[in-house]
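**Student:** The structure is given below, and queries will be raised subsequently.
Just so it is clear, none of the values below were taken in a lab; they were calculated from the coordinates. Because the structure is a prediction, the values reported are computed rather than measured. Here Cβ is always computed from backbone atoms with ideal geometry, including for glycine, and neighbour counts include all displayed protein chains.
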Amino acid sequence: MKKISTISLFIFGVVLTSILTAGLVFYQDNKTSKSSLFKAKTVQNVTSSTNTSTTKITPSNKTMTLNMNEISKHNSETDCFMLISGKVYDITSFFGSHPGGNSTMAPTCGTDATNAYMTKDPYATDSTSGRGHSSRAKNMLNDYYIGDLNQTIAL
Ligand code: HEM
């Protein structure tokens, strides 16, 4: 009788150990595949064509190169990119809030708006005429910065 109980106990121990081992292996496996999934979603780098800075992008690999051809496509109040002093800004969401009104900014969408921004005159041909924006306005620009001219950015 004692022998039978010892054998049963041994079998129970073996079964229990097997179940626990299988559970542990399954758990580890699951963890590994989750982490490789995460790795697949981890960002990659795209290098700017003009400088060595890198931009993080998602695996969709959708990018946009901020050259003049691209900027010129975003030329309306509902989709407005501007180049100001070599930096590209997506000003679209600022329409409706600009203290100088929409009509002053609208003609400069899709263009090199450096002179317009420096002078507050949308049709300025140089940056010296007119009055410049305040430092508050200059700080606001940071909120709309999307990249440097010719930089490739992630979408
Ligand atoms: C590039 C085309 C732009 C033109 C032609 C333009 C023109 C003007 C004009 C006529 C005024 C009103 C006059 C005045 O208050 O002195 C003004 C004010 C202002 N604009 Fe613009 N603007 C432009 C872009 C921007 C952008 C991109 C920002 C910021 C993201 C901005 C921010 C402001 C601010 C904060 C004011 C209030 C006055 C100041 O702080 O200088 N503007 N702008």
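**Student:** If I ask for residues that are more than 7 Å from the ligand (Cβ to nearest atom) and out of contact with any strand residue (DSSP E or B) (no Cβ under 6 Å at 6 or more places or on another chain), which ones from segment 88-100 would you list? Full working, then the answer.
**Tutor:** Of the residues in segment 88-100, the ones more than 7 Å from the ligand (Cβ to nearest atom) are 88, 90, 92-93, 95-97.
If the condition is that a residue be more than 7 Å from the ligand (Cβ to nearest atom) and out of contact with any strand residue (DSSP E or B) (no Cβ under 6 Å at 6 or more places or on another chain), then Ser93, Phe95, Gly96, Ser97 are the ones that fit.
**Student:** Just name the residue that is surrounded by the fewest Cβ atoms within 10 Å (Cβ to Cβ) out of those in segment 101-126 that are within 6 Å of the ligand (Cβ to nearest atom) and not in a loop (DSSP other than H, G, I, E, B).
**Tutor:** By that ranking, first place goes to Thr104.
**Student:** Could you list, in sequence order, all residues of segment 139-155 that are within 12 Å of Tyr89 (Cα to Cα) and either within 10 Å of the ligand (Cβ to nearest atom) or part of a helix (DSSP H, G or I) (or both)?
**Tutor:** Looking only at segment 139-155, we keep the residues that are within 12 Å of Tyr89 (Cα to Cα), and these are 140-149.
Those that are within 12 Å of Tyr89 (Cα to Cα) and either within 10 Å of the ligand (Cβ to nearest atom) or part of a helix (DSSP H, G or I) (or both): Met140, Leu141, Asn142, Asp143, Tyr144, Tyr145.
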